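This report concerns only the one structure given below.
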Amino acid sequence: MSKQSKPCQADIATIQLQLQRYFDGLYTSDVSLLRQVFHPDAVYICVTDQPLLKLTMNEYFPIVEQRISPASRKQLRQDKIISINIISEKTAIVHVECAIEPKYFYDALTFVHDNGVWKIISKVFHYHILSN
């Protein structure tokens, strides 16, 4: 890192809080929470299907709003942080996993520190179908 010798614990805690909002927003299909987490210019890319699916937030949020939430279906909540790597004062790479049945997601999230706030600028993910 350029000025920091190690990641700032406050930055990690702030990113963890953003990740909790991210997981809560996905589990409850709450776009207002997701808007707090995603940068307005963020991109959403699914690499599972070909061709790659690439959406803007203006395209992605209506999909979430129309989805029946896992919470309303009383689905088992499965989400976890695999790693948080702060690579500069303004950039972090985060790996998380979560389930929105019938899919299990592996997300690579790039965070940027913009205007004093950590936000997701890109979500690149793969999923597999859960078996019963």
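The values are calculated or read from the model by the stated rules, or taken from the named source; none is laboratory data. Owing to the predicted nature of the structure, the values given are computational and were not obtained by experimental measurement. Positions of Cβ are backbone-derived with ideal geometry, glycine not excepted, and every protein chain shown enters the neighbour counts. These area figures cover heavy atoms from the full protein model, side chains too; ligands, DNA and RNA do not enter into them. Shrake-Rupley method; radii C 1.70, N 1.55, O 1.52, S 1.80 Å.
Probing with 1.4 Å while keeping every protein chain in the model, the per residue accessible area of the chain equals 57 Å². Local charge for Ala42 was computed over the other residues whose Cβ lies under 12 Å away, with Lys and Arg +1 and Asp and Glu -1, and equals +1. Ignoring aspartates and glutamates fewer than eight residues from Lys90 along the same chain, the ones with Cα atoms less than 17 angstrom from its Cα are Asp11, Asp41, Asp114. Taking the Cα centre of the chain as reference, the dipole from Cβ charges on Lys and Arg (+1) and Asp and Glu (-1) amounts to some 180 debye.
With the full set of protein chains in place, find how many percent of the accessible area of the chain is carbon and sulfur; take the probe as 1.4 Å.
On the way: 4040 of 7510 Å².
The C+S portion of the solvent-accessible surface of the chain is 54 percent.
Summary value for region 50-132: 19 percent relative contact order, contacts being C-alpha pairs under 8 angstrom separated by 6+ residues.
Helix 57-66 and the longest principal axis of the C-alpha atoms of the chain enclose an angle of approximately 40°. For a test of the definition: using alpha carbon positions, the gyration tensor, and the 1.5 limit on a/c, classify region 1-73 as rounded, prolate or oblate. Oblate shape, in that a/c is at least 1.5 and b/c is the bigger or equal ratio. Dividing the summed helix terms, -39500 (n - 2.57) for each DSSP H run of n ≥ 4, by the number of residues in the chain produces a 222 nm estimate of -9000 deg cm²/dmol to the nearest 500.
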